[in-house]
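Peer 1: Sharing a structure with you now.
The values are calculated or read from the model by the stated rules, or taken from the named source; none is laboratory data. Remember, predicted model here, so these are calculated numbers, not experimental data. Virtual Cβ from ideal backbone geometry, glycine too; neighbours counted across all protein chains shown. Quick note on the areas: whole protein, heavy atoms, side chains included, nothing else; ligands and nucleic acids left out. Shrake-Rupley method; radii C 1.70, N 1.55, O 1.52, S 1.80 Å.
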Amino acid sequence: MTAIELRGVNLALGSGAARVHILKDVDLDIARGEAVGLVGPSGSGKSTLLMVLAGLEKPDRGTVKALGEELTALDEDQLARFRGRNIGVVFQSFHLIPTMTALENVATPLELAGAPDAFERARAELASVGLMDRANHHPAQLSGGEQQRVALARALAPRPEILVADEPTGNLDETTGKQIADLLFAKSAERGATLVLVTHDASLAARCGRVVRLRSGRIEPEADAA
């Protein structure tokens, strides 16, 4: 079964003379439970593609389906609800709320989704990434690796069927980055989640079941990508 389906996706950003065509006629199918690495040179459009397939950016043309739902047909509120239930996002720069503890950061999306046991589930998720003893610490009191573990726990807490990650090890040293990558792959596999990962790290991309290469906003044909 297909988790993500893109057809004829085009997206330009900016206006007037500064307008840049980022994605060009992108077609992409990702199966449920698949782990896909998105790679390509800086400026090739891979992070933008990730945002589009996660419903965080709307294309100018084309359709985006996730789990059978046409995201391009939803309004912002509907999109937010769909993402909250079905798509977990991990960013390079963590995006934690500085005034909240680790536990509160993980519990917040669950509370917004109306989960009655938000804090109980958040505690379990922090424990699953080895951070229960840091639950009451604020982001500034945590190392980069610990902050990314909190961000991963937050993404996993709603039990999403799709997990997307944009350079999740980009701000971490090699050893810490490998620990985060191990967690990311282990947790997505354990839960049968579809994983889409943007990375510059060839060794990280190689851990995915399939690598999709972008160049100048287009997906390179697989036969040319070797």
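Peer 1: If only Cα atoms are counted, what is the Rg of the stretch 37-80, and what is its Dmax, in Å?
Peer 2: 11.4, 34
Peer 1: Starting from the Cα gyration tensor of the stretch 103-208, multiply each eigenvalue by 5, take the square root, and state the resulting semi-axes largest first in whole Å.
Peer 2: For the stretch 103-208, the ellipsoid semi-axes come out as 23, 17, 10 Å.
Peer 1: Lysine pairs in the chain with Cα distance under 24 Å, only those 8 or more apart or on different chains: how many are there?
Peer 2: 9
Peer 1: Okay, next question. If Rh is defined by the Kirkwood formula over all Cα pairs and Rg also comes from Cα, what ratio Rg/Rh do you get for the chain? List each step's numbers first, then the result.
Peer 2: Working: Rg = 17.3 Å, Rh = 17.9 Å.
For the chain, the value is 0.97.
Peer 1: Give the Kirkwood hydrodynamic radius (Å, one decimal) of the stretch 2-60, defined as one over the mean of 1/r across all pairs of different Cα atoms.
Peer 2: Result for the stretch 2-60, one decimal place: 12.3 Å.
Peer 1: Just to be sure I understand the model, the point goes 7 Å from the Cα along the line to the Cβ. What's the resulting Arg32 to Ala80 distance in nm?
Peer 2: Here the answer is 2.8 nm between the modelled labels.
Peer 1: Please check which bits of the stretch 32-62 a label hung off Glu70 would reach, taking the label as a point 7 Å along Cα-to-C-beta and the cut-off as backbone N under 13 Å.
Peer 2: Those under the cut-off are 62.
Peer 1: Could you do me a favour and compute the accessible area per residue for the stretch 18-159, 1.4 Å probe, result in Å²?
Peer 2: That works out to 46 Å² for each residue.
Peer 1: Could I ask something else about it? Within a Cβ distance under 14 Å of Pro109, other residues only, what is the Lys/Arg minus Asp/Glu net charge?
Peer 2: Combined, the nearby Lys, Arg, Asp and Glu give +2.
Peer 1: Sticking with this one: Compare Val211, Val20 by solvent-accessible area with a 1.4 Å probe and give them largest first, with all protein chains kept in place.
Peer 2: Listed by decreasing accessible area, they come as Val20, Val211.
Peer 1: Would you kindly calculate the mean projected area, averaged across all directions, of the convex hull enclosing the Cα atoms of the stretch 182-226, in square nanometres?
Peer 2: Orientation-averaged projected area of the Cα hull: 3.7 nm².
Peer 1: May I ask you to give the percent of accessible area on the stretch 1-134 that is carbon plus sulfur, with a probe radius of 1.4 Å?
Peer 2: Numbers: 3220 of 6370 Å².
Heavy-atom surface of the stretch 1-134 belonging to carbon and sulfur, 1.4 Å probe: 51 percent.
Peer 1: If the elastic network links every pair of Cα atoms under 10 Å, which of Leu214, Leu112, Leu53 fluctuates the most in the Gaussian network model of the chain?
Peer 2: Highest fluctuation of the listed residues: Leu112.
Peer 1: Let me ask another. Apply the Karplus parameterisation 6.51 cos²θ - 1.76 cosθ + 1.60, with θ equal to phi minus 60°, to every residue of the stretch 201-213 and state each ³J(HN,Hα) to the nearest whole Hz, in sequence, with x for glycine and proline.
Peer 2: Along the stretch 201-213, the couplings run 8, 4, 5, 6, 4, 5, 7, 7, x, 8, 10, 10, 9 Hz.
Peer 1: Here's something else I'd like to know. Given a cut-off of 18 Å, what percent of all Cα-Cα pairs of the stretch 98-163 lie beyond it?
Peer 2: Counting pairs separated by more than 18 Å, the tail of P(r) holds 26 percent.
Peer 1: Then there's this: Between Thr63 and Ser42, 0.36 nm times their residue separation minus their Cα-Cα distance comes to what?
Peer 2: Full extension of this stretch gives 5.1 nm more.
Peer 1: Taking just the alpha carbons, could you work out the radius of gyration and Dmax for the stretch 42-150, both in angstroms?
Peer 2: Using the Cα atoms of the stretch 42-150, the pair Rg, Dmax is 15.9, 47 Å.
Peer 1: Starting from the amide H of Glu57, placed 1.01 Å from N in the peptide plane, find each other amide H under 5 Å away whose residue is 5 or more places distant or on another chain.
Peer 2: Val52
Peer 1: Pairs of Cα atoms under 8 Å, at least six residues apart: use those to get the relative contact order of the chain, whole percent.
Peer 2: 29 percent.
Peer 1: Mind listing the phi-derived Karplus ³J(HN,Hα) values for the stretch 44-52, rounded to whole Hz, using 6.51, -1.76 and 1.60 with θ = phi - 60°, and x for any glycine or proline?
Peer 2: 7, x, 5, 5, 5, 4, 4, 5, 5
Peer 1: Which whole-Hz couplings ³J(HN,Hα) result when phi for each residue of the stretch 156-163 is put into the Karplus expression 6.51 cos²θ - 1.76 cosθ + 1.60, θ = phi - 60°, listed in order with x for Gly and Pro?
Peer 2: Ordered by residue, 3J(HN,Hα) equals 7, 4, x, 6, x, 7, 10, 10 Hz.
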